Amino acid sequence: MLSIIQQEALEQARNHGGKLVRWNHGGFWTYAGVLPKTRNGSPRLPDVEWCCTTNTIFALVRRGYMAMDDWHTCSVVQEETHE
C-alpha cells in the first residue's frame, strides 16, 4: 500500500506529463513549470505549490511505480494492460 504522499506524487506526475523533476536547491522533487508560492515559514521546503522528498521518489522507484530517467527527472512507469 502506498503512503498518502506517494499517492500524491504519482498523481502530480500523471497530471503533469508523467514526469517529476528535481528541485535544484535540495533533495526535493516537483513538476516542471511549478509555480512559486508564498513562503510558509519552513526554511527546509522550497517555495513551490507542491513538492515531495527524494525518499518518496526512491520508494516509488523501488516499488516499480516510477523510473529514474537521470538524476534530475523521473517518469511514471506505464502499467501493463492484460487483454
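No value in this document is a laboratory result; all are computed from the given coordinates. Treat the numbers as computed from the prediction; the structure is a model and nothing was measured. Don't worry about glycine lacking a Cβ; one is built from the backbone with ideal geometry, like all the others, and counts go over all protein chains shown.
Among the residues of the stretch 56-73 satisfying the criterion of being over 13 Å from residue 19 (Cβ atoms) and free of Cβ contacts under 8 Å to residues at least 12 places away in the same chain, which is farthest from the chain's Cα centre (by Cα)?
Selected residue: 62.
How many residues does the stretch 1-25 contain that are in contact with a Pro (Cβ under 9 Å, 6 or more places away or on another chain) and within 17 Å of residue 78 (Cα to Cα)?
The total comes to 0.
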